[in-house]
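**Q** Below you will find the structure I want to go over with you.
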């Protein structure tokens, strides 16, 4: 689809109620995709949401809701992202609420409890009419949801789990009613079977609902980070170190009324309500639920803060930059919700299987009934075994296997600063055998630092005086090397010397005249080595700078412009991040080949690669060439298909992030890189790369385990039910247990922790 067509599309999200299995998902998707104007529709059983893209103006949200209701499900516009009330616990008497489960068991207990005493020789049971009285409300009141949904599924020309339950329990109830009217032997009745099946299915639905809520904990935890109000300061209030801010200086406004540019007061212990820069004050801020960073981060004036972070000990005034849907927290929630709603490719295969599963089961149940009736010449046995087949085959576990694991995996990853927005990466991460890193900003800090200052005449002027004079030349400059010099002076608590007649020299450097110190009255010039090729002192300069060049460092020369003599060589370099070598060692230990792509010169790139143990280094790489290198790595000369992950942070990394099998972007980089990547790492910590691969692999393993057990359960259960080894009651219990086991297995992912947490 072209970009133009995408801009002419609308996107709707619906909350769907009443789905019980993968067949429901398939039926809703099929109905939505048939509507003229709908470009794509995706339904997720675990999140109970439908995402629909339509051509602008072709169909309204109300029409979509009405269509979903027409085919037998509840639908409403999804709650606004960031609303803390979204995904709240369902009511006690909801269709999958605990109240209905308890009531069904209370009514059914007198029916099945006598069976527990039979092994002890106690044969007692209620009269047939009492059994009818207790089973009827369970069958037609508490179980009415199955009739309603099953009937609507038949009208839509498809089947679902509700239809299987309704058919199976009705057959058992009807047979019991027939025997009651034609026989006086109460022990031949099967009311307890139909009632207990409904009890177990309701219990299974309640357990599923609870498990779904637990898998959504990450989103709810993020939503709760938003304070409901913000203290917006009066426009004319001037702040300084002596200002005592009181209640009369601000208005307590609802968060949705805060605008960019507002100054927001944040007291100690409060959540920061907006993204922005600190305008006044300093404090430590806990950003752990947003970035996964376990330690509070020191924040001072001009530091950036994220809405939802917890303020520590200081009073802060934050200049709002992004609020509402534009905030980092809102975007994080959007990424996690989208990942949990999207389908991994393997789930599409499961949906196709489920679409034909229900009608196949009904045919198998009919054949089971006919076969048993012919063999045993008993209508009761035939019906009971057919009922068991219908109940045991309910594909709940199959429908929940993949989405439950994706929800749990992406949720726990988000807690530790790893946002997986494309579920496809979960299927590819375990295959990764090459990880390619951008250098600057990914493995290195991304900003130059002064690494050495080498005077040409160490006896005349000391290093601190040279640094103060050089930093003075750079005052007001935005050049990265200028900031590095000023930062170096600050670290030594030196005050840059003021200069006069400062001017930039394009292609050369900068010059000025210090107003004080040993260089007062002299014109000093800071320039590149290359610009001094014609200077008489060039051989001496080159000799001094060579050792720095060998280490891949950038060198500038401070010259006395009046005498054309060199004063000092100053070396700059981009420092490695503290954990860069650790993640490379960990990947190499796993047998994953590591590659580094850099636009820097060969010496600088090779120095970094050798220091941290990178297997292969590509230097002086243009942005367009990064994507080409990724393609070459994917199809190596050995003829083997390699799966490549690309880790980057800049605009120039975006093409490579897209072309890689798995793209990982550092959130400390650009928005373009984060949009292009399937995984966003919320801290600039390279160890998150290994953690992202680890949680992706573990989530994929859970998906495979869940699908294996779901298929195995039905494969083993259906023949056992057909041969009479599973009664309807046991089949209902086993069916509910299978769904619970799949969800519980997925929830084990919540115990995952990063290796370095």
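The values are calculated or read from the model by the stated rules, or taken from the named source; none is laboratory data. Quick caveat, the model's predicted, so the values are computed rather than measured. Here Cβ is always computed from backbone atoms with ideal geometry, including for glycine, and neighbour counts include all displayed protein chains.
**Q** Confirm whether residue 569 is at pLDDT 90 or above and touching a helix residue (DSSP H, G or I) at 6+ places or on another chain (Cβ under 6 Å).
**A** So residue 569 fits the description; yes.
**Q** When you check residue 414 against the structure, is it crowded, with 24+ Cβ neighbours inside 10 Å, modelled with pLDDT under 85 and either over 30 Å from residue 552 (Cα atoms) or within 34 Å of the chain's Cα centre (by Cα) (or both), yes or no?
**A** yes
**Q** Restricting to the stretch 436-450, count the residues that are part of a strand (DSSP E or B), in contact with a helix residue (DSSP H, G or I) (Cβ under 8 Å, 6 or more places away or on another chain) and either free of Cβ contacts under 8 Å to residues at least 24 places away in the same chain or farther than 14 Å from residue 677 by Cα (or both).
**A** 5
**Q** I'd like to check something: does the stretch 536-545 contain any residue that is assigned to a strand (DSSP E or B), modelled with pLDDT of 85 or more and surrounded by 20 or more Cβ atoms within 10 Å (Cβ to Cβ)?
**A** Within the stretch 536-545, none of the residues are assigned to a strand (DSSP E or B), modelled with pLDDT of 85 or more and surrounded by 20 or more Cβ atoms within 10 Å (Cβ to Cβ).
**Q** Does residue 92 fit the bill of being modelled with pLDDT of 70 or more and more than 23 Å from residue 190 (Cβ to Cβ)?
**A** yes
**Q** If I filter the stretch 296-305 for residues that are crowded, with 19+ Cβ neighbours inside 10 Å and either within 22 Å of residue 414 (Cβ to Cβ) or at pLDDT below 85 (or both), do I get at least one hit?
**A** Yes, that holds for at least one residue.
**Q** Can you confirm whether residue 605 is under 30 Å from the mean Cα position of the chain (by Cα), modelled with pLDDT under 90 and either part of a strand (DSSP E or B) or more than 30 Å from residue 458 (Cβ to Cβ) (or both)?
**A** No.
**Q** Taking residue 361 as meeting all but one of (1) part of a helix (DSSP H, G or I); (2) at pLDDT 75 or above; (3) within 28 Å of the chain's Cα centre (by Cα), write down the number of the exception.
**A** (3)
To keep it simple, each residue is scored yes or no on (1) modelled with pLDDT of 85 or more; (2) in a loop (DSSP other than H, G, I, E, B).
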site	(1), (2)
658	no, no
683	no, yes
695	yes, no
700	yes, no
719	yes, no
725	yes, yes
729	no, no
737	no, no
755	no, yes
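**Q** Next up: Of the residues 504, 520, 530, 568, only one is over 30 Å from residue 692 (Cβ atoms) and surrounded by 21 or more Cβ atoms within 10 Å (Cβ to Cβ); which?
**A** Being over 30 Å from residue 692 (Cβ atoms) and surrounded by 21 or more Cβ atoms within 10 Å (Cβ to Cβ) holds for just one of 504, 520, 530, 568, which is 568.
**Q** Exactly one condition in (1) at pLDDT 80 or above; (2) closer than 26 Å to residue 753 by Cβ is false for residue 315; which is it?
**A** (2)
**Q** In addition: Among (1) without any contact (Cβ under 8 Å) to a residue 12 or more places away in the chain; (2) not in a helix (DSSP H, G or I), there is one condition residue 573 misses while meeting the rest; what is its number?
**A** It fails just one condition, (1).
**Q** If you check residue 672 against the conditions, is it modelled with pLDDT of 80 or more, surrounded by fewer than 18 Cβ atoms within 10 Å (Cβ to Cβ) and closer than 20 Å to residue 331 by Cβ?
**A** No: the conditions fail for residue 672.
**Q** Sticking with this one: What pairs can you find where one residue is in the stretch 14-25 and under 14 Å from residue 739 (Cα atoms), the other is part of a helix (DSSP H, G or I) and at pLDDT 75 or above, and their Cβ atoms are less than 6 Å apart, with a gap of 6+ or different chains?
**A** 20/162
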